[in-house]
Amino acid sequence: INRVNLDFTMNRSKGFLKGTAGLICVATAMVAAPMIASAAGVAYQANKTVPNVRVTSHSFFGDEINLTVGPQPTMTRFSFSYYVDTRLQGSPSKNMTLSLHQMDGAMVGGRNAPGTVIESWTFPVSPSNTSSVDVSINIPGGLVVPQNLGWTISVTGLVGSDRVGLWAANTVVGSSLNDYWVNTGGTWGLATLAGGTPGTFAATVLAVPEPSVSQLGLIGIAFLFGSRFMRRK
């Protein structure tokens, strides 16, 4: 299985704190930070079905998933697996875009379709002599996402017998319905797989729960005391 690791760091502005009061502030905040970070874990996981079933008939499609943490967790990694025909030849024009969506699109079958794009990443489609490629999107700075989340792939540049798609999967952490979303000509619709196979695709989400009121309070107190000391100085 081919593996692709992609790192995306969210840019943050950095300030400088001066004096002893600033050091007190930073030290106290550092005590609080591990309390939040230590809660990171698997918020969603769907493993390939056995035998494996693949979906390759669409160029823009994906899944709607529900994470185990919310309502606004911070995602630190998104991993998924895709199918690629072993005959596919690599080319700069053959690309895949992974997108994360808010589920705020048009109503379809009583549900909102994928809508606002939260973030997207584009990368080359990788040839594979095993028919499977694992991709991990690492986000060290974190990305705030909704608990109910859409994820899609769109593939461009394929020619001839090229086939690229997603692996059907069974959800083991979090939840996903048994259908999936397909975009045809700019319009979203729902589709299902034959034989009762879940319309869910192999993916894993690592996320940090939204900080609790007490955790945010501890950090707030740290900076409050720090600012008071700085004013007195």
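For region 52-68, enumerate the residues that are open to solvent by 30 Å² or more (accessible area, probe 1.4 Å) and either among the β-branched types (Val, Ile, Thr) or under 14 Å from Leu193 (Cα atoms) (or both).
Asn52, Val53, Arg54, Thr56, Ser57, His58, Thr68, listed by residue number.
Across region 71-96, which residue is nearest to Thr156 (Cα to Cα) among those that are open to solvent by 30 Å² or more (accessible area, probe 1.4 Å) and within 17 Å of the chain's Cα centre (by Cα)?
By that ranking, first place goes to Arg77.
Within region 106-133, how many residues are open to solvent by 10 Å² or more (accessible area, probe 1.4 Å) and in a loop (DSSP other than H, G, I, E, B)?
So the count comes out to 10.
Looking at Gly157, Gly185, Gly165, which one is out of contact with any His (no Cβ under 9 Å at 6 or more places or on another chain), within 14 Å of Phe60 (Cβ to Cβ), open to solvent by less than 40 Å² (accessible area, probe 1.4 Å) and not aromatic (Phe, Trp, Tyr)?
Gly157
The values are calculated or read from the model by the stated rules, or taken from the named source; none is laboratory data. Predicted model, so just to flag it, every value in this text is computed and none were measured. Don't worry about glycine lacking a Cβ; one is built from the backbone with ideal geometry, like all the others, and counts go over all protein chains shown. Ligands, DNA and RNA are excluded from the accessible area calculation, which covers all protein heavy atoms including side chains. Shrake-Rupley method; radii C 1.70, N 1.55, O 1.52, S 1.80 Å.
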